[in-house]
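Here the structure is laid out as structure tokens; the discussion comes afterwards.
Coordinate-derived values only; no laboratory data. The shown structure was predicted, so the numbers you read here are calculated from the model rather than taken from an experiment. Note: ideal-geometry Cβ built from the backbone for every residue, glycine included; neighbour counts use all protein chains shown.
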């Protein structure tokens, strides 16, 4: 994942203001999750940096904020977006998710 992000950073850097590169957070996912919950964000996505890129197989985790205030209708949208992929993992709640990611 790190190699792919470095390549992406160089591509985005040369795109002017059309794209914005978002850096990753290492070693403090639990704190990031708490901040996302405190700011009423839907959640965060996470991936172990050692996980390789595998075409057609997502190892990303979607960590959802159970207290998210704009939840109505989001579950149906999420189900439609993930296409029923059984390998796409979802955890509800920051504490359980952050404990699992550690």
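Note on residue 69 and residue 47: their simple-model spin labels are 3.2 nm apart, each label 7 Å out from Cα toward Cβ. What the Cβ-Cβ distance of residue 2 and residue 35 gives, at R0 = 25 Å and to the nearest 0.05, is a FRET efficiency of 0.65. The slack in the chain from residue 54 to residue 19, taken as 0.36 nm per residue of separation less the alpha-carbon distance, amounts to 10.1 nm.
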